[in-house]
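Trainee: My questions will all concern the structure given below.
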Amino acid sequence: MLLALETSCDETALSLVSLDRPISDCAKVEDFLVDELLSSQVKLHQAYGGVVPELAAREHLTNLPVLFNKLLNDNSLDVSQIKVIAVTRGPGLKGSLLVGFCFAKAFAFSRKIPLIPLNHLEGHIFAGLLLEKEKRMEYPCLALVVSGGHTELVYIESFRKYEIVARTMDDAVGEAFDKSATLLGLPYPGGPALAECAQKGIPGKFNFPVGVSNTDRSFSFSGVKTAIARVVKSLGEPLEEQTKNDLAVAIEHCLVQALVAKTEKAIRKYKPKSLLLTGGVAANESLRIELEKLVKKFGIRFSVPPKKWCTDNAVMLGALGSEIYHHYKVNFNSWSAADSLGPEAPLDIDVLARFPIEEIK
Ligand code: KG4
Ligand code: ZN
């Protein structure tokens, strides 16, 4: 079995997957996934209105060993049955990453098993395999990865061949949802709360321009926040419930439109076979509906993993780790340090707080 760990932000997550065959050869996720555990810190950070890095790292330190033991006990496993360990190397919060990474290094070193350091964004992309076979991402694929930390449109020509089509120059779209929600006085994390208000809002009462000055290769969401702050100030607080809802629907519309417009341009240019939507913001109903219309127009497949695997989790990393393991198996131990830490490889690589997907070797 392969053990995958995720501690890049505020979720401590572990998964166990079978190494009998890669997930791409399994018809269903259940044929591949043995078990998963996840502990969310959202309640802890709620009081601060955002993730507090030092607290997040401390929580990982407390929770990871407990969850690891629970995983072994729940599955009546002995550590010797874990043959490979995969872990998020970056991008993310350094202190948080270090907890999972050091655990994995120590585990690999003491058990003399290979360690596969992974890119978190690439992990989100491999959530595209966590569906029934006929609904999975299919290459060439266009992936829209949208969360509190990422807004990336990635063209995937074939296995691990990535080209960044567009990424955000400032805030991630989830961050824009969260910050806008805070301006409306909604609780953290604001995205889901704002989406709920938007359902009761009257479209067209307010308008926020987005992406007018954006180039084809970038998103920008920080301007929206300023525009909203100005409108909220001019309306005077406290905002009436209906005004809040009307503002929410306008905010959601402008953020969603910015994503959809660039996705449509990219579909025309790259002509992918499938569109993958992943990351926490994939939970947004309005975004899903708009993208659904788009894929119908172009007659391509729409892959959206279940919500629990769109947000941060370790199953997506298990899928990626297993694909990598099977793909490079032949010369696994002679792999370069950047890609593998086997028993014969150096243990001196470290986490990367910044780790653009195109820097994967
Ligand atoms: O992937 P995720 O759980 O964590 C990372 O940021 O990596 O994504 C969380 C983000 C938050 O910004 C949250 O507000 C946003 O996803 N989100 C939503 C919705 N559900 C979650 N944004 C808009 N509409 C939603 N329904
Ligand atoms: Zn993430």
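The values are calculated or read from the model by the stated rules, or taken from the named source; none is laboratory data. This structure is a prediction, so every number in the text was calculated from the model and none was measured. When we count neighbours, we look across all protein chains shown, and the Cβ atoms used for this are built from the backbone with ideal geometry, even at glycine. Just so you know, the surface numbers come from the protein's heavy atoms only, side chains and all, with ligands and any DNA or RNA stripped out. Shrake-Rupley method; radii C 1.70, N 1.55, O 1.52, S 1.80 Å.
Trainee: Quick check on this structure: which one of Phe126, Phe109 is closer than 24 Å to Ser158 by Cβ, of a type in the set (Phe, Trp, Tyr) and out of contact with any Lys or Arg (no Cβ under 8 Å at 6 or more places or on another chain)? Steps first, answer last, please.
Mentor: Values: Phe109 fails: closer than 24 Å to Ser158 by Cβ.
Step by step, each of Phe126, Phe109 is checked, and only Phe126 is closer than 24 Å to Ser158 by Cβ, of a type in the set (Phe, Trp, Tyr) and out of contact with any Lys or Arg (no Cβ under 8 Å at 6 or more places or on another chain).
Trainee: Let me ask another. State all residues of segment 245-297 that are outside any helix (DSSP H, G or I) and within 16 Å of ligand 2 (Cβ to nearest atom); if no residue qualifies, say none. Before you say what the answer is, go through the steps one by one.
Mentor: Quick first cut of segment 245-297, residues outside any helix (DSSP H, G or I) only: 271-279, 284.
Correct list: Leu276, Leu277, Thr278, Gly279, Asn284.
Trainee: For segment 124-135, check the following and say yes or no: at least one residue is part of a loop (DSSP other than H, G, I, E, B) and surrounded by fewer than 24 Cβ atoms within 10 Å (Cβ to Cβ).
Mentor: Within segment 124-135, the first condition is being part of a loop (DSSP other than H, G, I, E, B), and the residues that meet it are 130-132.
Retained after the next criterion (residues that are surrounded by fewer than 24 Cβ atoms within 10 Å (Cβ to Cβ)): 131-132.
Yes, the conditions are met somewhere in segment 124-135.
Trainee: So, in segment 160-196, of the ones that are in a loop (DSSP other than H, G, I, E, B) and touching a helix residue (DSSP H, G or I) at 6+ places or on another chain (Cβ under 7 Å), which residue ends up farthest from ligand 1 (Cβ to nearest atom)? Before you say what the answer is, go through the steps one by one.
Mentor: Here is the first cut: in segment 160-196, the ones in a loop (DSSP other than H, G, I, E, B) are 160-161, 169-172, 184-189.
Still in the running and touching a helix residue (DSSP H, G or I) at 6+ places or on another chain (Cβ under 7 Å): 170-171, 184, 186-189.
Numbers: Asp170: 15, Asp171: 10, Leu184: 13, Leu186: 10, Pro187: 11, Tyr188: 8, Pro189: 4 Å.
Here the residue is Asp170.
Trainee: Would you pick out the residues in segment 160-173 that are open to solvent by less than 50 Å² (accessible area, probe 1.4 Å) and over 12 Å from Asp216 (Cα atoms)?
Mentor: First pass over segment 160-173, keeping only residues open to solvent by less than 50 Å² (accessible area, probe 1.4 Å): 160, 162, 164-166, 168, 171-173.
Arg160, Tyr162, Asp171, Ala172, Val173, listed by residue number.
Trainee: Find the residue count for segment 64-81, including only residues that are over 13 Å from Leu5 (Cα atoms) and in contact (Cβ under 8 Å) with a residue 12 or more places away in the chain.
Mentor: Count: 7.
Trainee: Tell me, yes or no, whether segment 197-217 has at least one residue that is closer than 18 Å to Leu153 by Cβ, touching a residue at least 24 places away in the same chain (Cβ under 8 Å), surrounded by 14 or more Cβ atoms within 10 Å (Cβ to Cβ) and of a type in the set (Phe, Trp, Tyr).
Mentor: No, segment 197-217 contains no residue that is closer than 18 Å to Leu153 by Cβ, touching a residue at least 24 places away in the same chain (Cβ under 8 Å), surrounded by 14 or more Cβ atoms within 10 Å (Cβ to Cβ) and of a type in the set (Phe, Trp, Tyr).
Trainee: State whether the residues of segment 25-32 include one that is within 17 Å of Tyr325 (Cβ to Cβ) and within 16 Å of ligand 2 (Cβ to nearest atom).
Mentor: Scanning segment 25-32, I find no residue that is within 17 Å of Tyr325 (Cβ to Cβ) and within 16 Å of ligand 2 (Cβ to nearest atom), so the answer is no.
Trainee: Quick check on my filter: what residues within segment 81-92 are open to solvent by 10 Å² or more (accessible area, probe 1.4 Å) and either within 16 Å of ligand 2 (Cβ to nearest atom) or modelled with pLDDT under 95 (or both)?
Mentor: Lys83, Arg89, Pro91, Gly92
Trainee: Let me ask something else. Can you work out which of the residues in segment 93-123 that are open to solvent by 10 Å² or more (accessible area, probe 1.4 Å) and among the small types (Gly, Ala, Ser) is farthest from ligand 2 (Cβ to nearest atom)? Give the derivation first.
Mentor: Narrowing segment 93-123 to residues open to solvent by 10 Å² or more (accessible area, probe 1.4 Å): 93-95, 98-99, 102-103, 105-107, 109-114, 117.
If we keep only those that are among the small types (Gly, Ala, Ser) as well, we get 95, 106, 110.
Working: Gly95: 16, Ala106: 24, Ser110: 29 Å.
In this case the residue turns out to be Ser110.
Trainee: Determine, yes or no, whether Asn207 is farther than 24 Å from Val51 by Cβ and within 16 Å of ligand 1 (Cβ to nearest atom). Give the steps one after another, and end with the answer.
Mentor: Numbers: farther than 24 Å from Val51 by Cβ: yes; within 16 Å of ligand 1 (Cβ to nearest atom): no.
For Asn207, the condition - farther than 24 Å from Val51 by Cβ and within 16 Å of ligand 1 (Cβ to nearest atom) - is not met.
Trainee: Continuing with the same structure: Which condition breaks for Gly299 when tested against (1) at pLDDT 95 or above; (2) open to solvent by less than 30 Å² (accessible area, probe 1.4 Å); (3) away from ligand 1 (no atom under 14 Å from the Cβ); (4) small (Gly, Ala, Ser)?
Mentor: Against the list (1) at pLDDT 95 or above; (2) open to solvent by less than 30 Å² (accessible area, probe 1.4 Å); (3) away from ligand 1 (no atom under 14 Å from the Cβ); (4) small (Gly, Ala, Ser), Gly299 comes up short only on (2).
Trainee: When only residues in segment 27-47 that are in a loop (DSSP other than H, G, I, E, B) and without any contact (Cβ under 8 Å) to a residue 60 or more places away in the chain count, which is surrounded by the fewest Cβ atoms within 10 Å (Cβ to Cβ)? Please lay out each step first, then the result.
Mentor: As a first pass, look at segment 27-47 and keep what is in a loop (DSSP other than H, G, I, E, B): 27-28, 32, 41, 47.
Filter again for without any contact (Cβ under 8 Å) to a residue 60 or more places away in the chain, leaving 41, 47.
Numbers: Gln41: 20, Ala47: 9.
By that ranking, first place goes to Ala47.
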